[in-house]
């Protein structure tokens, strides 16, 4: 048998090279679900699903998004998984909503501290806030007019961290802003043509939409608490006076009180979410549901 002892050093070198290559691959990027990826895209952290669409539409092929609050979760109470937070360490930018959602109040500073080199973009900069329950209503993204401001802030942030692709970011943002303008016009026409003056909702998520399109949101909840029997009685009377037969509920929250009121007025509960990723399609559906809730 041939003696291969003299080949051991070369063998060990080859094995070491293979291990280094494997470790380098495993040290790549971590995606939204904590899976390992290896690419050169700009990594952007966002808090909620609608922002994921905003960043992906503006960033195109240049970005990869880490979503902190997954679909179906409540950003008022959600705590992110450690494997998701681990991805923050490699992020280039954090596009926070910035309007005071509880998730960011609890986690925003911690997330920023995990990666001091990460650019933090406040997407609410330039949005006129609404005061509610002795604080600012955080649901700014639920109006397409505010979404436009958020998209512009995201565009500017991406240009700051990746100036080489500024032209692409400008072009992509302009195209998406055109889509938001079209959505704005469609919602304006739908709401104005319906004659809706008031919508009854379980959770107060739609004040910005109501303000911008000329109707009123009445929430069953008050300061995040379930309504008292007296308030339920008042809401039932209000619904009957206004001819309301639809109570809108968010899938991220309990629908118990909405069901009680709907049964009392002989109406129904319709689910609408402010947190779906497919922002354009979702907001079309929400506006159509609100417009169709008028009793004629």
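The figures follow:
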{"read-out": "Isotropic mean projected area of the C-alpha convex hull, segment 81-135 (nm²)", "value": "4.4"}
{"read-out": "Relative contact order %, segment 210-286, counting alpha carbon pairs below 8 Å whose residues are six or more apart", "value": "24"}
{"read-out": "Simple spin-label estimate for residue 237 and residue 197 in nanometres, 7 Å along Cα-Cβ", "value": "1.8"}
{"read-out": "Virtual paramagnetic centre 7 Å along Cα→Cβ of residue 135, amide N under 12 Å, in segment 206-226", "value": "223-225"}
{"read-out": "Relative contact order of segment 35-89, pairs being alpha-carbon contacts under 8 Å that are 6 or more residues apart, as %", "value": "33"}
{"read-out": "Mean separation of Cα contacts under 8 Å, 6 or more apart, over the residue count of the chain: relative contact order %", "value": "16"}
{"read-out": "Extension gain, residue 254 back to residue 77 (0.36 nm per residue minus Cα-Cα distance, nm)", "value": "62.4 nm"}
{"read-out": "Whole-angstrom Cα spans of segment 58-216 along principal axes, big to small", "value": "49, 37, 25"}
{"read-out": "In degrees, nearest ten, helix 279-291 long axis to first principal axis of the chain (Cα)", "value": "10"}
{"read-out": "Relative compactness, the chain, computed as alpha-carbon Rg over 2.2 N^0.38 Å", "value": "1.26"}
{"read-out": "Coordinate range along principal axes, alpha carbons of segment 195-291, Å, largest first", "value": "37, 28, 23"}
{"read-out": "All-pairs Cα distance distribution in segment 231-276, expressed in whole percent, bin size 10 Å", "value": "30, 51, 18, 1"}
{"read-out": "Nearest-ten-degree value, helix 102-114 long axis tilted from longest Cα axis of the chain", "value": "20"}
{"read-out": "Order of 188, 293 - criterion: other Cβ atoms within 10 Å of each residue's Cβ, fewest first", "value": "188, 293"}
{"read-out": "Point-to-point label distance, residue 189-residue 90, nm (Cα→Cβ direction, 7 Å offset)", "value": "4.5"}
{"read-out": "With Cα atoms, 0 to 90° folded angle of helix 8-26 axis to the chain main axis", "value": "10"}
{"read-out": "Within a Gaussian network of the chain (alpha carbon springs, distance under 10 Å), most fluctuating of 202, 61, 184", "value": "61"}
{"read-out": "Peptides ranked, highest mean first, by Cβ atoms within 10 Å: ranges 254-261, 87-94, 142-149", "value": "142-149, 87-94, 254-261"}
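Taken together, the values in this text are just the output of simple stated rules run on the coordinates, not laboratory data. Here the structure is a predicted model, which is why all the values come from computation and not from measurement. All Cβ positions, even for glycine, are placed from backbone atoms using ideal geometry, and neighbour counts span all protein chains on display.
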